[in-house]
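To keep things clear, I will list the structure first and then write my remarks on it.
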Amino acid sequence: MYLVKTPPIVKTIFADFVWHIDTDIKEVYLTFDDGPIPGLTPWVLDVLAEYNSKATFFCVGENVKKNRSIFDRIIQEGHTIGNHTYNHLNGWNTENEVYIQNVAECDNYMETNLFRPPYGKMKPSQSSLIKSEKTVVMWDVLSGDFDLSITKEKCLTNVIENYSQGSVIVFHDNIKAEEKLKFVLPSFLEHLAENGFVSSNLGCLIHEYA
């Protein structure tokens, strides 16, 4: 069970997390979780380049270690990167010391003060430790590209019907999401262009909170 649109009450309760960016221009913030992986992440980069779009990639440290050249390309092409733990851990099921060490292990392969917990799940005790060093980025819209029970058309509808100016939107550059992502991403970027929107990275958070 998940919510496509994050309710305002959740954003209020967890106001120390980033859910949405206040902006005066027509822009959204596409984010991609779980990569980099061969094949799909380079395809995402190609599509973003085609639409002159920027994004933020919350990378799993283990995948960065295995696919360094793809990770380097993300940075070289002007995108922002964030820590997504080394082994994609669920904080609710992980002891604090193990979780924090896993975040630190990911830091060995990238330099960033942005962090997104896998599955959006971490304990308050873990959060308080991480927030002392990193900005926790959550989301305004969850595409559902990971959900095998919905169609690719439904995934596109999830995004188009729920984004607004300043939305932080989650996609996944992983195998489970590949079929939906390859349908949704070009279509959504085309939709944004037709409506005068651009996709930006979250570099603003690095400068603001570093």
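Table for the structure above
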{"read-out": "Given (1) surrounded by fewer than 22 Cβ atoms within 10 Å (Cβ to Cβ); (2) of a type in the set (A, V, I, L, M, F, W, C); (3) under 16 Å from Leu205 (Cβ atoms), number of the condition Leu30 does not satisfy", "value": "(1)"}
{"read-out": "Of the criteria (1) modelled with pLDDT under 95; (2) touching a Cys at 6+ places or on another chain (Cβ under 9 Å); (3) of a type outside the set (Lys, Arg), which one Glu133 fails", "value": "(2)"}
{"read-out": "Test result for Asn52, over 20 Å from Tyr29 (Cβ atoms) and either of a type in the set (Val, Ile, Thr) or surrounded by fewer than 21 Cβ atoms within 10 Å (Cβ to Cβ) (or both)", "value": "no"}
{"read-out": "Criterion violated by His172 - all others in (1) surrounded by fewer than 20 Cβ atoms within 10 Å (Cβ to Cβ); (2) at pLDDT 95 or above; (3) out of contact with any His (no Cβ under 9 Å at 6 or more places or on another chain) satisfied", "value": "(1)"}
{"read-out": "Pick from segment 42-74, criterion assigned to a helix (DSSP H, G or I) and in contact with a Phe, Trp or Tyr (Cβ under 7 Å, 6 or more places away or on another chain), ranking: farthest from Asp173 (Cα to Cα)", "value": "Lys65"}
{"read-out": "Qualifying positions in segment 93-141 - assigned to a helix (DSSP H, G or I), under 23 Å from Lys66 (Cβ atoms) and in contact with a strand residue (DSSP E or B) (Cβ under 7 Å, 6 or more places away or on another chain)", "value": "Val103, Cys106, Asp107"}
{"read-out": "Which numbered condition Thr112 misses (of (1) within 19 Å of Asp140 (Cβ to Cβ); (2) out of contact with any Asp or Glu (no Cβ under 9 Å at 6 or more places or on another chain); (3) hydroxyl-bearing (Ser, Thr, Tyr))", "value": "(1)"}
{"read-out": "Residue list for segment 75-92, filter: polar (S, T, N, Q) and part of a strand (DSSP E or B)", "value": "Thr80, Asn83"}
{"read-out": "Residues located in segment 11-27, provided they are more than 14 Å from the chain's Cα centre (by Cα) and either surrounded by 15 or more Cβ atoms within 10 Å (Cβ to Cβ) or among the basic types (Lys, Arg) (or both)", "value": "Lys11, Phe14, Lys26, Glu27"}
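Rundown of residues vs (1) in contact (Cβ under 8 Å) with a residue 60 or more places away in the chain; (2) in contact with a helix residue (DSSP H, G or I) (Cβ under 8 Å, 6 or more places away or on another chain); (3) farther than 25 Å from Cys204 by Cβ; (4) surrounded by 14 or more Cβ atoms within 10 Å (Cβ to Cβ), yes/no style:
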residue: Thr85; (1), (2), (3), (4): no, yes, no, yes
residue: Tyr99; (1), (2), (3), (4): no, yes, yes, yes
residue: Glu105; (1), (2), (3), (4): no, yes, yes, yes
residue: Gly120; (1), (2), (3), (4): no, no, no, yes
residue: Glu133; (1), (2), (3), (4): no, no, no, no
residue: Val137; (1), (2), (3), (4): yes, yes, no, yes
residue: Ser149; (1), (2), (3), (4): no, no, yes, no
residue: Glu161; (1), (2), (3), (4): no, no, yes, no
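The values are calculated or read from the model by the stated rules, or taken from the named source; none is laboratory data. Values in this document were obtained by computation on a predicted structure and should not be read as measured data. Cβ sites come from the backbone with ideal geometry, for glycine too, and all protein chains shown count toward neighbours.
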